[in-house]
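One structure is given here, and the rest of the page talks about it.
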Amino acid sequence: MALFAAMPAYADSSDVDAAARGVVRVVLVGREGPEGEEIVTPISHGSGFAVTPTMIVTNAHVIREALQDDTLRIGGVPSESVGNAANGAFARAVAVSPLNDLALLQIAEDGLRLPPLSISGGVARNMGEVSAVGYPMNVDLAQGLELTDIFEAQPPVKTRGFLSGERPSRQFDTLLHTAPIARGNSGGPLLDNCGRVLGVNSFGTDSDG
C-alpha cells in the first residue's frame, strides 16, 4: 500500500480531453469600413474556459484593449462546432479584476453553449502531473494559420508538465508548473489529473530557448 500511494498521479487523457471541449479561443475583434459594409478583423487573442454553459473565465489582460476601446468586441471561438454558432459568438465582460488578472465573460444569446469545466477544491501536495490547455500563437504560426483562421473552431493545444511549487506574490498567489505555454495561452486552464481546473495560465518565464 505504501508503494502504491507513493506513485505519481498521471493525468487521465480522457478527462483532459473532455475538459478541453469547454476551452475557447478569446478573440478581440475590430471593424473597418463604412456602416453596413464593415470588414471584421481579429486584433489579438488569448484563451478561456467555460464555468457555465454561457460564462467564460479568462485573464483580464486578454481583454484589456476591448475595455479601453469601445470599437472592439470580444468573441469566443469554441474547440468544435456547437449548435448554431459554428465559428463562435460575441461576449461581454460582466466582471473584471485587474488585480487578480481575471475576467468573467457572458456569451451573447445566439446558440453557443459550452460544457463547463469543474473547479478543483485545492492543490495536491504531491506536486503531480498537470496539463495546460489553450491556443498558443507559436503553434498557429507553425501550422501556417492566417490571423483570420482563428475565427474557425479548432481544438486547443494540450501540454503536460508538473507542479513545481506555490508562491505568493504581491498581487496574487501563483502555481509554478512546467507545462509549456506561450503567448495565446493566457486565460486558459491548468488542469489536474482528473481534468479539474487548478488555476488560470497567466504568464511564463523568459529564456534564451
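The values are calculated or read from the model by the stated rules, or taken from the named source; none is laboratory data. Since the structure is predicted, the reported quantities are computational estimates derived from the model, not experimental observations. Neighbour counts run over all protein chains shown; Cβ positions are idealised from the backbone, glycine included. Keep in mind that these areas ignore ligands, DNA and RNA; they rest on the heavy atoms of the full protein, side chains included. Shrake-Rupley method; radii C 1.70, N 1.55, O 1.52, S 1.80 Å.
Can you pull out every residue in segment 63-89 that is modelled with pLDDT under 90 and open to solvent by 60 Å² or more (accessible area, probe 1.4 Å)?
The answer is ASP70, THR71, GLU80, SER81, GLY83, ASN84, ASN87.
For GLN171, all conditions in the list (1) modelled with pLDDT under 90; (2) touching a helix residue (DSSP H, G or I) at 6+ places or on another chain (Cβ under 8 Å) hold save one; what is the number of the exception?
With (1) modelled with pLDDT under 90; (2) touching a helix residue (DSSP H, G or I) at 6+ places or on another chain (Cβ under 8 Å) applied to GLN171, the lone miss is (2).
Taking SER186 and the conditions (1) polar (S, T, N, Q); (2) more than 23 Å from GLU80 (Cα to Cα); (3) surrounded by 19 or more Cβ atoms within 10 Å (Cβ to Cβ), which numbered condition does it fall short on, given that it satisfies the others?
Tallying (1) polar (S, T, N, Q); (2) more than 23 Å from GLU80 (Cα to Cα); (3) surrounded by 19 or more Cβ atoms within 10 Å (Cβ to Cβ), SER186 fails exactly one: (2).
Kindly list, by first and then second residue, each pair from a residue in segment 109-133 that is at pLDDT below 95 to a residue that is assigned to a loop (DSSP other than H, G, I, E, B) and of a type in the set (Phe, Trp, Tyr), limited to pairs with Cβ atoms under 8 Å and residues at least 6 apart or on different chains.
Pairs that qualify, where the first residue is at pLDDT below 95 and the partner is assigned to a loop (DSSP other than H, G, I, E, B) and of a type in the set (Phe, Trp, Tyr), are GLY128/TYR10; GLU129/TYR10.
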